[in-house]
Amino acid sequence: MALPDNTPSIPLEEAVIFPEVVELNVGGQVYITRYSTLVSVPDSLLWEMFSRKSTKGLARDTKGRFFLDRDGFLFRYILDYMRDQQLVLPDHFPERGRLQREAEFFNLPELIKILAPKLSKQNSLGDEGCQSDPEDSSPGIDTGRNLASLGTAACASLVPSGDGKRSGFITIGYRGSYTLGRDSQTDAKFRRVARIMVCGKTSLAKEVFGETLNESRDPDRPPERYTSRYYLKFTFLEQAFDKLADAGFHMVACNSTGTCAFAHEQTDDKIWTSYTEYVFYPDPPTPLN
């Protein structure tokens, strides 16, 4: 006669062990990494999530991937840091302040220290790449030296001209996305622009873009100060270029970074996201004969 089995039953969900390779859905972008990477920083949020003995309470998407409602683009840098506790950012990285907030959310104190802004007269790192407000300008500095430090600093660098004509840099930037198929052919959504952002001196931005400038994110900004939080009410880059050209500006530099967000499971098409900046400076005055 068989004896009754008095061993307590364990719910199936409680018996699940995290796989060696874990799939994550972070803000709609899919990441695949090793379990050891997710628990590599003790006491971090990811360590707390994935060192538990049960998946109960962890959110999942419709395909069973663990879901995190955070910035999917910036999470790539969080994951890179988790791999070897080092941080490598692209040149002129525009979202250092936002990445610092992500590091705070994921409870990564050493990464927070790395990202902490180093304030100086020349530059103040902040949200969206350039919120520095240099209080004094340098009329004698050659324009070429200013162009050598394009990027975050260029957003706020203004060079007064000797003839009294207002001059200075204006930087416009945008985040875009496009789809790349197996035959390296892009679809009709090659350059999908959601918002065109403007960096530069407030008075200069208003002079160039007028009523098409949306000031709702940085209202009541004094005209002699700088902003990186304005954006345009339209989303056509060519229209922004036309306005800058009409105001006597020409492009002096541009830069772009891109990353593959995810691949379509059925078509193998890859969705790419990018951030691009264009730096403009006014044409020199025409000499009088």
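In this structure, D84 and E215 have a Cβ-Cβ separation that, at R0 = 51 Å, corresponds to a calculated FRET efficiency of about 0.75.
Subtracting the Cα-Cα distance of K233 and D69 from their residue separation scaled by 0.36 nm leaves 56.2 nm.
Accessible surface for D84 stands near 90 Å², nearest 10, in the context of the full protein assembly shown (1.4 Å probe).
Out of the range 39-90, which trypsin sites (Lys or Arg not before Pro) are coil in DSSP terms and have no more than 11 other C-beta atoms within 10 Å? Filter output for the range 39-90: K53, K56, K63.
Apply the a/c threshold of 1.5 to the C-alpha gyration tensor of the range 69-117 and tell me whether it is rounded, prolate or oblate. Since a/c stays below 1.5, the shape of the range 69-117 is classed as rounded. Full extension of the chain between T37 and T62 yields a length gain of 6.6 nm, computed as 0.36 nm times the residue separation minus the alpha carbon distance.
The values are calculated or read from the model by the stated rules, or taken from the named source; none is laboratory data. Computed from a predicted structure; not experimentally measured. As a convention, Cβ positions derive from the backbone with ideal geometry for all residues, glycine included, and neighbour counts pool all protein chains shown. With ligands, DNA and RNA removed, areas are computed over all heavy atoms of the protein, side chains included. Shrake-Rupley method; radii C 1.70, N 1.55, O 1.52, S 1.80 Å.
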